[in-house]
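Presented below is the structure to which this report refers.
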Amino acid sequence: MAERKNILITGATDGIGLALAKGLAVKYNLVLTGRKATHTDLPAGAIYVEADQSDPALCVAAILRALQNAGWDKLDNAVLNAGTGFAAIEGLETADVIRTTLDVNLSANIALSHALFPTLEKAKGTLSFVGSVAHKGSPLFPSYAASKAGLDALARALRSEWQGRVAVQIIHPGPTNTGMQVKAGYDPGKMRRVFIKPEIMAEMLERAIASQKSPVTLSFARRAMFGLWQGREL
(Lines give C-alpha, C1' and ligand atoms only; values in the text may rest on other atoms or scores of the structure.)
Protein backbone atom coordinates (compact mmCIF):
# COMPACT_ATOMS: atom_id res chain seq x y z
CA MET A 1 0.00 0.00 0.00
CA ALA A 2 1.36 3.44 -0.96
CA GLU A 3 2.28 5.77 1.90
CA ARG A 4 -0.29 8.51 2.49
CA LYS A 5 1.02 11.91 1.47
CA ASN A 6 1.33 14.80 3.92
CA ILE A 7 -0.44 18.02 2.94
CA LEU A 8 -0.64 21.40 4.66
CA ILE A 9 -3.56 23.74 3.84
CA THR A 10 -3.65 27.21 5.34
CA GLY A 11 -6.94 29.05 5.72
CA ALA A 12 -8.79 25.74 5.81
CA THR A 13 -11.69 26.60 8.12
CA ASP A 14 -13.99 28.18 5.53
CA GLY A 15 -14.68 28.60 1.83
CA ILE A 16 -12.34 27.06 -0.74
CA GLY A 17 -9.83 25.89 1.88
CA LEU A 18 -12.39 23.91 3.86
CA ALA A 19 -13.93 22.42 0.71
CA LEU A 20 -10.47 21.36 -0.48
CA ALA A 21 -9.65 19.82 2.90
CA LYS A 22 -12.84 17.79 2.92
CA GLY A 23 -12.12 16.53 -0.59
CA LEU A 24 -8.55 15.48 0.24
CA ALA A 25 -9.11 14.03 3.72
CA VAL A 26 -10.01 10.55 2.47
CA LYS A 27 -6.66 10.04 0.73
CA TYR A 28 -4.13 12.20 2.56
CA ASN A 29 -2.78 13.22 5.97
CA LEU A 30 -3.71 16.85 6.60
CA VAL A 31 -2.51 19.70 8.78
CA LEU A 32 -5.01 22.58 8.55
CA THR A 33 -4.69 26.12 9.82
CA GLY A 34 -7.03 28.93 10.80
CA ARG A 35 -7.21 32.05 12.95
CA LYS A 36 -9.40 30.62 15.72
CA ALA A 37 -8.14 28.58 18.67
CA THR A 38 -10.47 25.68 17.84
CA HIS A 39 -12.66 24.61 14.95
CA THR A 40 -15.28 21.86 14.83
CA ASP A 41 -16.23 21.60 11.14
CA LEU A 42 -13.02 19.98 9.92
CA PRO A 43 -12.68 16.52 8.35
CA ALA A 44 -12.04 13.64 10.76
CA GLY A 45 -8.39 12.80 11.30
CA ALA A 46 -7.06 16.21 10.25
CA ILE A 47 -4.69 18.05 12.58
CA TYR A 48 -5.73 21.63 13.29
CA VAL A 49 -3.39 24.43 14.34
CA GLU A 50 -4.19 28.04 15.19
CA ALA A 51 -1.99 30.19 12.96
CA ASP A 52 -3.03 33.80 12.43
CA GLN A 53 -1.13 35.13 9.42
CA SER A 54 -1.56 38.74 10.54
CA ASP A 55 1.49 37.94 12.70
CA PRO A 56 3.80 36.18 10.21
CA ALA A 57 6.50 35.19 12.72
CA LEU A 58 4.09 33.57 15.18
CA CYS A 59 2.21 31.93 12.31
CA VAL A 60 5.38 30.30 10.95
CA ALA A 61 6.42 29.11 14.42
CA ALA A 62 3.00 27.57 15.09
CA ILE A 63 2.93 25.69 11.79
CA LEU A 64 6.49 24.37 12.09
CA ARG A 65 5.71 23.22 15.64
CA ALA A 66 2.56 21.43 14.44
CA LEU A 67 4.47 19.62 11.68
CA GLN A 68 7.13 18.56 14.16
CA ASN A 69 4.53 17.33 16.67
CA ALA A 70 2.88 15.34 13.89
CA GLY A 71 6.21 13.69 13.11
CA TRP A 72 6.28 15.04 9.57
CA ASP A 73 9.86 15.36 8.35
CA LYS A 74 8.60 15.52 4.75
CA LEU A 75 5.82 17.61 3.23
CA ASP A 76 4.37 16.55 -0.12
CA ASN A 77 2.29 19.66 -0.69
CA ALA A 78 1.80 23.03 0.99
CA VAL A 79 -1.31 24.86 -0.18
CA LEU A 80 -0.96 28.45 1.01
CA ASN A 81 -4.57 29.48 0.71
CA ALA A 82 -5.20 31.80 3.68
CA GLY A 83 -6.17 35.31 2.72
CA THR A 84 -8.09 38.38 3.73
CA GLY A 85 -9.45 41.52 2.11
CA PHE A 86 -11.38 44.67 2.92
CA ALA A 87 -13.53 46.74 0.62
CA ALA A 88 -12.12 50.25 0.24
CA ILE A 89 -14.51 53.16 0.69
CA GLU A 90 -14.00 55.39 -2.36
CA GLY A 91 -10.68 53.64 -2.91
CA LEU A 92 -9.25 54.76 0.46
CA GLU A 93 -7.78 52.35 3.01
CA THR A 94 -6.35 52.92 6.47
CA ALA A 95 -2.77 52.06 7.35
CA ASP A 96 -4.00 49.24 9.62
CA VAL A 97 -6.06 47.67 6.84
CA ILE A 98 -3.16 47.89 4.40
CA ARG A 99 -0.74 46.35 6.92
CA THR A 100 -3.10 43.48 7.80
CA THR A 101 -3.86 42.70 4.17
CA LEU A 102 -0.19 42.62 3.18
CA ASP A 103 0.83 40.58 6.24
CA VAL A 104 -1.84 37.92 5.77
CA ASN A 105 -1.74 37.63 1.98
CA LEU A 106 1.92 38.25 1.23
CA SER A 107 4.38 38.61 4.13
CA ALA A 108 3.26 35.46 5.93
CA ASN A 109 3.33 33.48 2.68
CA ILE A 110 6.86 34.67 1.89
CA ALA A 111 8.02 33.61 5.36
CA LEU A 112 6.15 30.29 5.18
CA SER A 113 7.50 29.38 1.76
CA HIS A 114 11.09 29.72 2.95
CA ALA A 115 10.43 28.01 6.30
CA LEU A 116 8.73 25.04 4.63
CA PHE A 117 11.34 24.62 1.89
CA PRO A 118 13.44 21.95 3.70
CA THR A 119 10.48 19.64 4.35
CA LEU A 120 9.12 20.17 0.84
CA GLU A 121 12.53 19.45 -0.71
CA LYS A 122 12.81 16.13 1.14
CA ALA A 123 9.61 14.96 -0.58
CA LYS A 124 10.31 16.76 -3.88
CA GLY A 125 6.98 18.33 -3.04
CA THR A 126 4.83 21.11 -4.43
CA LEU A 127 4.31 24.60 -3.05
CA SER A 128 0.93 25.89 -4.23
CA PHE A 129 0.06 29.56 -3.73
CA VAL A 130 -3.64 30.44 -4.00
CA GLY A 131 -3.84 33.88 -5.56
CA SER A 132 -6.81 35.62 -7.16
CA VAL A 133 -7.89 36.95 -10.53
CA ALA A 134 -7.81 40.30 -8.72
CA HIS A 135 -4.00 40.25 -9.01
CA LYS A 136 -4.43 42.16 -12.28
CA GLY A 137 -6.19 44.97 -10.40
CA SER A 138 -9.45 45.50 -8.52
CA PRO A 139 -10.84 49.00 -7.83
CA LEU A 140 -12.79 47.86 -4.77
CA PHE A 141 -9.80 46.10 -3.19
CA PRO A 142 -6.56 47.95 -3.99
CA SER A 143 -4.39 46.47 -1.22
CA TYR A 144 -5.86 43.01 -1.79
CA ALA A 145 -5.04 43.26 -5.49
CA ALA A 146 -1.53 44.47 -4.71
CA SER A 147 -0.92 41.61 -2.28
CA LYS A 148 -2.06 39.01 -4.83
CA ALA A 149 0.10 40.62 -7.52
CA GLY A 150 3.05 40.31 -5.14
CA LEU A 151 2.17 36.67 -4.51
CA ASP A 152 2.11 36.05 -8.26
CA ALA A 153 5.60 37.56 -8.61
CA LEU A 154 6.88 35.55 -5.64
CA ALA A 155 5.63 32.30 -7.14
CA ARG A 156 7.22 33.05 -10.51
CA ALA A 157 10.57 33.82 -8.86
CA LEU A 158 10.58 30.74 -6.62
CA ARG A 159 9.45 28.48 -9.47
CA SER A 160 12.63 29.46 -11.29
CA GLU A 161 14.95 29.44 -8.26
CA TRP A 162 13.75 26.12 -6.85
CA GLN A 163 13.37 24.25 -10.16
CA GLY A 164 14.21 20.57 -9.75
CA ARG A 165 14.02 20.79 -5.95
CA VAL A 166 10.48 21.99 -5.14
CA ALA A 167 7.69 22.57 -7.67
CA VAL A 168 6.14 26.02 -7.21
CA GLN A 169 2.88 27.22 -8.70
CA ILE A 170 0.39 30.07 -8.46
CA ILE A 171 -3.32 29.38 -8.97
CA HIS A 172 -5.75 32.28 -9.40
CA PRO A 173 -9.39 31.43 -8.56
CA GLY A 174 -12.16 33.55 -10.01
CA PRO A 175 -15.17 34.84 -8.01
CA THR A 176 -16.35 32.10 -5.63
CA ASN A 177 -19.53 31.98 -3.57
CA THR A 178 -18.00 32.01 -0.09
CA GLY A 179 -18.47 34.24 2.93
CA MET A 180 -15.39 36.29 2.11
CA GLN A 181 -17.32 39.06 0.36
CA VAL A 182 -19.51 39.70 3.41
CA LYS A 183 -16.48 39.65 5.74
CA ALA A 184 -14.78 42.13 3.44
CA GLY A 185 -17.73 44.53 3.61
CA TYR A 186 -18.83 44.03 0.02
CA ASP A 187 -22.20 42.83 -1.26
CA PRO A 188 -21.96 41.50 -4.85
CA GLY A 189 -25.76 41.48 -5.11
CA LYS A 190 -27.23 39.50 -8.00
CA MET A 191 -23.74 38.73 -9.31
CA ARG A 192 -23.37 36.18 -6.50
CA ARG A 193 -25.65 33.84 -8.46
CA VAL A 194 -22.97 33.32 -11.10
CA PHE A 195 -20.10 32.90 -8.63
CA ILE A 196 -18.54 29.44 -8.61
CA LYS A 197 -19.54 27.09 -5.79
CA PRO A 198 -16.66 26.48 -3.33
CA GLU A 199 -16.93 22.70 -3.78
CA ILE A 200 -16.52 23.02 -7.55
CA MET A 201 -13.68 25.50 -7.15
CA ALA A 202 -11.97 23.12 -4.72
CA GLU A 203 -12.21 20.27 -7.25
CA MET A 204 -10.72 22.47 -9.96
CA LEU A 205 -8.04 23.59 -7.53
CA GLU A 206 -7.17 19.98 -6.72
CA ARG A 207 -6.72 19.20 -10.42
CA ALA A 208 -4.59 22.32 -10.90
CA ILE A 209 -2.37 21.35 -7.96
CA ALA A 210 -1.88 17.85 -9.34
CA SER A 211 -0.80 19.29 -12.70
CA GLN A 212 1.97 21.41 -11.10
CA LYS A 213 1.34 23.95 -13.89
CA SER A 214 1.77 27.66 -13.26
CA PRO A 215 0.20 30.14 -13.54
CA VAL A 216 -3.33 28.71 -13.66
CA THR A 217 -6.50 30.81 -13.73
CA LEU A 218 -9.69 29.12 -12.56
CA SER A 219 -12.20 31.22 -14.48
CA PHE A 220 -15.86 30.99 -15.48
CA ALA A 221 -14.74 29.51 -18.81
CA ARG A 222 -12.69 26.85 -17.05
CA ARG A 223 -15.69 26.12 -14.82
CA ALA A 224 -17.82 25.40 -17.90
CA MET A 225 -15.16 23.09 -19.33
CA PHE A 226 -14.82 21.36 -15.98
CA GLY A 227 -18.59 20.83 -15.86
CA LEU A 228 -18.54 19.15 -19.26
CA TRP A 229 -15.65 16.94 -18.17
CA GLN A 230 -17.56 15.95 -15.04
CA GLY A 231 -20.76 15.41 -17.00
CA ARG A 232 -22.86 17.26 -14.48
CA GLU A 233 -24.55 20.61 -14.00
CA LEU A 234 -22.67 23.26 -12.03
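Which semi-axes, in whole Å and largest first, does the equivalent ellipsoid of the range 101-172 have when worked out from the alpha carbon gyration tensor as the square roots of 5 times its eigenvalues?
Each semi-axis is the square root of five times an eigenvalue, giving 24, 12, 8 Å.
Whose amide H sits under 5 Å from the amide H of F86, counting only residues 5 or more places off or on another chain, with H placed in the peptide plane?
Y144
Largest first, please: the extent of the C-alpha atoms of the range 1-79 along each principal axis, to the nearest Å.
Computed over the Cα atoms, the extents are 40, 27, 18 Å.
Tell me, what is the 1.4 Å probe accessible area of R159, in Å² to the nearest 10?
90
Would you check the accessible area of R156, probe 1.4 Å, heavy atoms only, in square angstrom rounded to 10?
130
Could you give me the ³J(HN,Hα) list for the range 107-123, computed from phi with Karplus coefficients 6.51, -1.76, 1.60 and θ = phi - 60°, whole Hz, x at Gly and Pro?
Karplus-based 3J(HN,Hα) across the range 107-123 equals 4, 5, 6, 4, 4, 5, 4, 6, 5, 8, 3, x, 6, 5, 5, 4, 9 Hz.
Please compute the contact order of the range 1-124 in relative form: average sequence separation of alpha-carbon pairs under 8 Å and at least six residues apart, divided by the residue count, as a percent.
27
Convex hull volume of the Cα atoms in the range 61-129, per residue, in Å³?
Hull volume over Cα atoms, normalised by residue count, gives 84 Å³.
Give a residue-ordered list of calculated ³J(HN,Hα) values for the range 144-158 (Karplus: 6.51 cos²θ - 1.76 cosθ + 1.60, θ = phi - 60°; whole Hz; x for Gly, Pro).
My calculation for the range 144-158 gives 4, 4, 5, 5, 6, 5, x, 5, 4, 5, 4, 4, 5, 5, 5 Hz in order.
Solvent-accessible area per residue for the range 1-145 at a 1.4 Å probe radius, Å²?
48
Would you mind giving the average projected area, over all directions, of the Cα convex hull of the range 8-166 in nm² with one decimal?
That works out to 9.3 nm².
In whole Hz, with x marking every Gly and Pro, tabulate ³J(HN,Hα) for the range 205-218 from phi via Karplus 6.51 cos²θ - 1.76 cosθ + 1.60, θ = phi - 60°.
Working through the residues one at a time gives 5, 4, 5, 5, 4, 4, 6, 6, 6, 6, x, 10, 10, 9 Hz.
For the range 91-133 and the range 15-38, what is the separation of their Cα centres, given in Å?
17
Straight-line reach only, C-alpha to C-alpha below 16 angstrom: list the lysines that K22 could link to, leaving out same-chain residues fewer than 8 apart.
By straight Cα distance, K22 reaches K5, K197.
In bins 5 Å wide, starting from 0, what share of all Cα pairs of the range 20-63 does each bin hold, as a percent?
Per 5 Å bin, starting at 0, the Cα pair percentages come out as 5, 24, 29, 19, 16, 6, 1.
The values are calculated or read from the model by the stated rules, or taken from the named source; none is laboratory data. Bear in mind that the values here come from a model prediction, so they are computed numbers and not experimental data. Surface accessibility is based on the protein's heavy atoms, side chains included, excluding ligands, DNA and RNA. Shrake-Rupley method; radii C 1.70, N 1.55, O 1.52, S 1.80 Å.
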